[in-house]
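The values are calculated or read from the model by the stated rules, or taken from the named source; none is laboratory data. Everything numeric in this text was worked out from a predicted model, so none of it was measured. Glycine also receives a Cβ, built like all others from the backbone with ideal geometry; neighbour counts cover every protein chain displayed.
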């Protein structure tokens, strides 16, 4: 598995990814292998104030993930996508 954590454009339907753009290619999600939720690391909460302990959460501290089979023309792959605060990320490509 290769980790990327790159922001992507994604078209979800009912919260589930259907298409995404990565490396200038449009990928069509053919199937979802798995869906899960993970807790975000504590250091990703937004800072508030100037002190190191002046931090508060500004939204859910969990993100939803999907492992999907996707294709783009002749290319096929298995990818892990994540959504947090309406922002989509390509987390990894599964070898």
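Report yes if some residue within the range 74-93 is at pLDDT 95 or above, more than 11 Å from the chain's Cα centre (by Cα) and outside any strand (DSSP E or B); otherwise report no.
yes
Within the range 10-25, which residues are closer than 14 Å to residue 88 by Cβ, more than 10 Å from the chain's Cα centre (by Cα), touching a residue at least 24 places away in the same chain (Cβ under 8 Å) and in a strand (DSSP E or B)? If you could, list the steps in order and put the result at the bottom.
Residues of the range 10-25 that are closer than 14 Å to residue 88 by Cβ, as a first pass: 10-13, 15-22.
Keeping just the survivors that are more than 10 Å from the chain's Cα centre (by Cα) gives 11-13, 15-16, 18-22.
Subset that is touching a residue at least 24 places away in the same chain (Cβ under 8 Å): 12, 15-16, 20, 22.
Listed by number, the residues that qualify are 12, 16, 20, 22.
How many residues does the range 52-73 contain that are modelled with pLDDT under 90 and either crowded, with 17+ Cβ neighbours inside 10 Å or part of a strand (DSSP E or B) (or both)? Even if it seems obvious, please write down each step before you answer.
Going residue by residue through the range 52-73, those that are modelled with pLDDT under 90 are 52-62.
Next, only the ones that are either crowded, with 17+ Cβ neighbours inside 10 Å or part of a strand (DSSP E or B) (or both) stay: 55, 62.
Total satisfying the criteria: 2.
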